[in-house]
Each structure stands twice: as structure tokens, then as C-alpha cells.
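Participant: My structure is below; once you've seen it, I'll send some questions.
Only the coordinates and a few stated rules stand behind these numbers; no lab work does. Every value quoted in this text rests on a predicted model; they were computed, and no experiment measured them. Note that we place each Cβ from the backbone using ideal geometry, even for glycine, and neighbour counts take in every protein chain shown.
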């Protein structure tokens, strides 16, 4: 009997339900951006345990090699006996000879504050779990506890992870997926919170702000956010069922952080280096965008993103919808909340339309194709440049598809709008958390409109293809005029022009098909003269360019590959567009147009 018991004990200890994970986080050298992390796995099966850092992160679509910031790695068993670590690849380690428990201790360096990485400094510790926490093969379903020891007693923890009752500074996650989707912000926070309700359900919306300003700055910002968020609920018809009864904005507005927004299931990171003052459009715009994701992406989710694989990039052909439609609705919900005006909305439309309609990449790829290119573009910097004909971001591309679809639905089906489409998808795939495939989006449009031919044609042309409808008559329904921004101005397609101590040069390739492009001028060319005018400053460049009208012939002299060259080019009319209210152009807004605009922009 004794022998049988000795054999049975380790079997029970290695059963999946016995597996547990614990992380202890401390910050002994925050001044040098270091955290000390102790990761413990219990119930480890016989044989080596594979532990590794993630190579990707929820909400990001490219590879990020987080293992590069981990060092001083050691391992012991449950008794403290040192264990050997074997490393055969850059991403992880193998630990053998354990007693059913493996404890790995390591140092993390982190000094980028945004939604993807980690930043540790004397003011805060901002941790994205994939960038900070090792994980082990076979422990995807194991429950997790995280204990945090701040370096300063005045620091508090903000996270969507629920606290463990009776265990100070300790939080829990049901599994690896939830843990990795739960950012942690540790520091001194200005917190504002308020209740919202859905039937008998009660939720708390929380704004935890790390910033150098005054409480009045947070009060103003919180008032704007509180005014904005009901428009999100109105769009989808109900609040999501927030886990643990709350949703938290982890807001970092510090000079050392980077501008970003990153959605998570019950929280979001919003960050930027600009002080919080309630007047920054980008700060409120990021909040508006990321909170749409509480519905669209976090619950209304592409099938390819479930479950998330932390060892590779996670591509989907549906980012034109997941991110692009979210980009369309963010500014629109700000307008509907009365936090911007019609002119701000039309400026936003003009930027979107110029980005998409004038992009040469659109002829080489549909919104679905550009979605699949995300792993090459989503915060994934390559040493070699990407040509302007290759990639158009699915954010503005999808936003223009959303604009075209919204106005097309309103034109063809006067009692419907894109809002109805979003609510239908929420009911069928979001509330139920049934991930969608690309064809589900097309079928949903057919169901909402009752017109399968319309849905099939739109998706074939503008989702699987790159053709967009004529936007001018669609915008005219709302009394908005789409027209050339400067028809009397000549255009040679210079792209981004910058100046340095040596003069003026092209920091990007000329627009494909433009006069400069046709002359063989490329990025890096240093401008010597334009139309006989020597160019050494941006002011001289702008002045010389302003004298060039459509159809004018002008010589451009430039240095490329170490040689001075000259080309004669013929300017064309500036193709860039503007969107204006008809009444601002001297026209008259009809009753029908006013009604359409109010229904669209006023919600």
C-alpha cells in the first residue's frame, strides 16, 4: 500500500486542475527602469517545463520580441534548490529536474510607456503583461495570482484584474488569455468614477489618470468622457457585460510616455506626452476610439483572433471592420455628444478622404488585403522602407468604407443606417461572443437591409475589391460639398519635404503618378532650385511652389546619389479635396438635407 501511495501522489499533483501560476512583482531599481519578477508554476508534470516570453500582444497584429528585455534569469524548485536552465532559442528557456514546482526569477527592463510595452521609472510602473510576464506551455487554463509590491507606499494599482479578498496587493486572473489582456498601471493616480446601469446590472466606469497636472484638469476631462460614453451605449443598444462590474481607463499623460491607445476586455490604455487639459482633441479621440472596442473587437470579434496565440502574429482579413469602422465611429460619437461641431467633422472627413482616395496603394489592395498586411505595419518597424504603392492603413481605409456604407444605406434604405448594422452584429455575434468570419459581415448586411444583392455588390466592390462609390452625391445628402481644396494651385506631388542644416530634401517618395514621380525624383533627393529659384529653406520652397500654377512648366534641380540633376516637369491641378457645409460655400441647406444631417451627426 505504501508503494502504491508513493506512485499516486505525483500523478495527482500533475493533474491539470492542480496547476497554478503566481507572479510576484517588485521594483528595486525603478530609476533604471527595472522590475524584479518571480514566476511560480505549481503542479508541473514530470519532465522539463518550457517557459517563454510572448512574441505578440492582444490588440497588436505584429511580432514584438519581448524576450529581448529579460535577463538575469534563474530557476529553483519548490524547496529552493537551484535548477538548470536550458536555452536553445531566443524566446524561452527549458527547466528540468524540478519537484513539481518551478520558480523562475528574472529582471525586466522596460522604458517605453504605451499600450504594447513596459515602462518603469520613479513616477510609475506601466506593465503590459505580454511584455513583462513569462508564461509556460501547458498552463493556458491554470488560474493566476499576481502580487504587486510598489516601490512607494503612495502608489496604487489600477487594472481590470480583480483583487484577491484578504490578500493586500494581490490580483487574480482565471487563465492565461485574461491575464495577458490585462494591463497594470502602478503609480499615483487621480481617480474619477461613476455608475452606469443596464437593467438590473450595475457597472462602474473608472478613469485612473497618471499625470503631472491638477485635479481640475482631470475633472474637466472626466466630464467630457462622461458625456461621451452614453453615445457608445446608444450606438450598440446596451452596455457590454463588463466582467467584475467595472471598466477602467488607464490614462497616462506624462512627458516620458508615447501616444497610444490599446483596447482590452474591461479596460483600455490611453497615453500621450501632452499634458491633460481638456482641450486636446487627440486625447478625447483616443478615448472615443478605444471604448468602441469594448463592443467591436473585444466581444464582437474576428474568428482569427480567438484564442490569441502569443507565439506568433495573429492576422485577420477583417481589420478594415474591427479597426476601420471603429475609426469612423470615434469622431462621429464625439460629434453626436456635442463635443465637436460640424466643421470639425468635415475636416476629419477631408483628411480621411484625401488619405484614401489619393493613395496609390488602393489600386493594389482591397481593405481585406491591407488587413492581412497588418503584421508588417502595426508598430512593426522594418529597416527597409515600404513603397507608397504597397500599403494603405486599414484604419483610414476601413473608416472610408464605413462612411461610404453608412451614406449608401441611408440613401437606399431611408429608415436604416450603419448604426442598425452595428446593432445587428452586436446582437448576433457580440452579445453572444460568437466570433465572426468575413462572410458573416456580408450576410449581416443582407439581413439588415433585406437586400442580398446590395450587400453582395458592396462587399465585392469595396471590401474584397478596392472600388469606392462616388462620395460627392453621398455627402450631398447631408448638405456637404466635396470639391478640390485649391483648384488654382499647381501640384507636383512632392510628398513630405523637410529641411536641415544642408538644405531642403524629400523625406518621402513623391506621390506615384505625380509630375515629380514621372521625372524620376525619389525620396532622399535634395532640392537645389525650383523654377530658377535657389532653395535652401522651407520658406523658399513654399514660396517657389506657390508661384507654380496648374499646367505650368518648371525646372527642378536636385541632388540624388551624389549627382546634381535637372528635370523639366509640368504641374497639374492640386488633387487634394475639401469637405464643407453647403451653407459655408454660399449655398442653401434644404430642409431635407438638414434632416439628413441631424439624423446622421446628431444620432
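Participant: Give me 403, 577, 319, 416 ranked fewest to most by other Cβ atoms within 10 Å of their Cβ, as a rough exposure proxy. Show your work: numbers first, answer last.
Facilitator: Working: 403 23, 577 19, 319 29, 416 15.
With the sparsest Cβ surroundings first, the list reads 416, 577, 403, 319.
Participant: For the residue pair residue 428 and residue 386, what label-to-label distance in nm results when each label sits 7 Å from Cα along the Cα-to-beta-carbon direction?
Facilitator: Calculated label separation equals 3.1 nm.
Participant: Please say if the chain is rounded, prolate or oblate, where rounded means a/c under 1.5 for a ≥ b ≥ c the square roots of the C-alpha gyration tensor eigenvalues, and otherwise the choice is prolate for a/b larger than b/c and oblate otherwise? Don't jump to the answer; show the numbers that get you there.
Facilitator: On the way: a/c = 2.00, a/b = 1.54, b/c = 1.30.
Because a/c hits 1.5 or more and a/b exceeds b/c, the chain counts as prolate.
Participant: Once you wrap a convex hull around the alpha carbon atoms of the range 490-573, what is its projected area averaged over all directions, in nm²? Write down the numbers at each step before the final one.
Facilitator: On the way: hull surface 18.4 nm².
Averaging across all directions leaves 4.6 nm² for the Cα convex hull.
Participant: Here's a follow-up. I'd like to compare 328-338, 539-549, 560-570, 392-402: which one has the highest average count of other Cβ atoms within 10 Å, and what's the full order after that? Walk me through the intermediate numbers first.
Facilitator: Details: 328-338: 22.5, 539-549: 15.3, 560-570: 12.2, 392-402: 25.0.
In descending order of packing, they fall as 392-402, 328-338, 539-549, 560-570.
Participant: A further question on this structure: Set the Förster distance to 60 Å, then compute FRET efficiency between residue 71 and residue 420 from the Cβ-Cβ distance, nearest 0.05.
Facilitator: Working: r = 53 Å, r/R0 = 0.89.
Using R0 = 60 Å, I get an efficiency of 0.65.
Participant: Could you give the spread of the C-alpha atoms of the range 2-187 along their three principal axes, from largest to smallest, in whole angstroms?
Facilitator: Computed over the range 2-187, the largest-to-smallest principal extents equal 57, 41, 31 Å.
Participant: Now for a separate question. Using only alpha carbon pairs under 8 Å that are at least six residues apart, calculate the relative contact order of the range 2-187 and give it in whole percent. Intermediate values should be presented prior to the final figure.
Facilitator: Numbers: 437 pairs, mean separation 45.6, N = 186.
Relative contact order here is 25 percent.
Participant: Can you compute the label reach from residue 566? Point 7 Å from Cα along the Cβ direction, backbone N cut-off under 16 Å, restricted to the range 517-536.
Facilitator: So the set is 527-535.
Participant: Tilt of helix 342-357 relative to the longest C-alpha principal axis of the chain, in degrees (0 to 90, nearest 10)?
Facilitator: Roughly 90 degrees between the two axes.
Participant: Taking 0.36 nm per intervening residue step and subtracting the Cα-Cα distance, what contour gain separates residue 542 from residue 85 on full extension?
Facilitator: 158.4 nm
Participant: What ranking of 282, 522 emerges when the number of other C-beta atoms within 10 Å of each C-beta is taken as an exposure proxy, fewest first?
Facilitator: Starting with the residue having the fewest Cβ neighbours, the order is 282, 522.
Participant: For the chain, what does -39500 (n - 2.57) per DSSP helix run (n ≥ 4), summed and divided by total residues, give at 222 nm, in deg cm²/dmol to the nearest 500? It would help to have the intermediate numbers written out before the result.
Facilitator: On the way: 17 runs with 172 residues, N = 603.
Mean residue ellipticity, 222 nm, calculated: -8500 deg cm²/dmol.
Participant: While we're looking at this one, here's another question. In degrees between 0 and 90, to the nearest 10, how far off the longest principal axis of the chain does helix 2-13 point, with axes built from Cα atoms?
Facilitator: For 2-13 against the chain, the angle is about 20 degrees.
Participant: Could you line up 267, 172, 56 from fewest to most neighbouring Cβ atoms inside 10 Å?
Facilitator: Working: 267 27, 172 17, 56 23.
Going from sparsest to densest Cβ surroundings: 172, 56, 267.
Participant: Starting from the 7 Å offset along Cα-to-Cβ, what nm value, one decimal, do you get for the label separation of residue 196 and residue 452?
Facilitator: The two pseudo-label positions are separated by 3.7 nm.
Participant: Is the range 134-266 rounded, prolate or oblate when judged by the Cα gyration tensor, a ≥ b ≥ c being the square roots of its eigenvalues, rounded requiring a/c under 1.5 and prolate requiring a/b larger than b/c? Kindly include the intermediate steps, with their values, before the conclusion.
Facilitator: On the way: a/c = 1.79, a/b = 1.17, b/c = 1.53.
Oblate shape, in that a/c is at least 1.5 and b/c is the bigger or equal ratio.
Participant: Okay, next question. For the chain, take the longest principal axis of its alpha carbons; what is the angle in degrees between that and the long axis of helix 591-601, to the nearest 10 within 0 to 90?
Facilitator: So the helix axis and the longest Cα principal axis differ by about 30 degrees.
Participant: Wrap a convex hull around the Cα atoms of the range 301-357, take a quarter of its surface area, and give that in square nanometres.
Facilitator: Details: hull surface 21.7 nm².
Averaged projected hull area, Cα only: 5.4 nm².
Participant: I need the calculated FRET efficiency for the pair residue 497 and residue 99, taking r as the beta carbon distance and R₀ as 56 Å, to the nearest 0.05.
Facilitator: On the way: r = 66 Å, r/R0 = 1.17.
Calculated value: 0.30.
Participant: Given contacts defined as C-alpha pairs under 8 Å and at least six residues apart, what's the relative contact order of the range 190-299, whole-number percent?
Facilitator: Values: 191 pairs, mean separation 28.8, N = 110.
Normalised by residue count, the contact order of the range 190-299 is 26 percent.
Participant: How many nm is it between the label spots at residue 152 and residue 31, if each spot is 7 Å from the Cα in line with the beta carbon?
Facilitator: Going by the 7 Å Cα→Cβ label model, 1.4 nm.
Participant: Now for a different question. Going by the alpha-carbon gyration tensor, a ≥ b ≥ c the square roots of its eigenvalues, is the range 212-318 rounded (a/c under 1.5) or, if a/c is not under 1.5, prolate (a/b greater than b/c) versus oblate? Present the calculation step by step, with values, prior to reporting the outcome.
Facilitator: Working: a/c = 2.31, a/b = 1.45, b/c = 1.59.
Oblate shape, in that a/c is at least 1.5 and b/c is the bigger or equal ratio.
Participant: Run the numbers on the chain and let me know its relative contact order in percent, using alpha-carbon pairs under 8 Å that are six or more apart. Mind dumping the intermediate values first?
Facilitator: Details: 1279 pairs, mean separation 59.2, N = 603.
Once normalised by length, the contact order is 10 percent.
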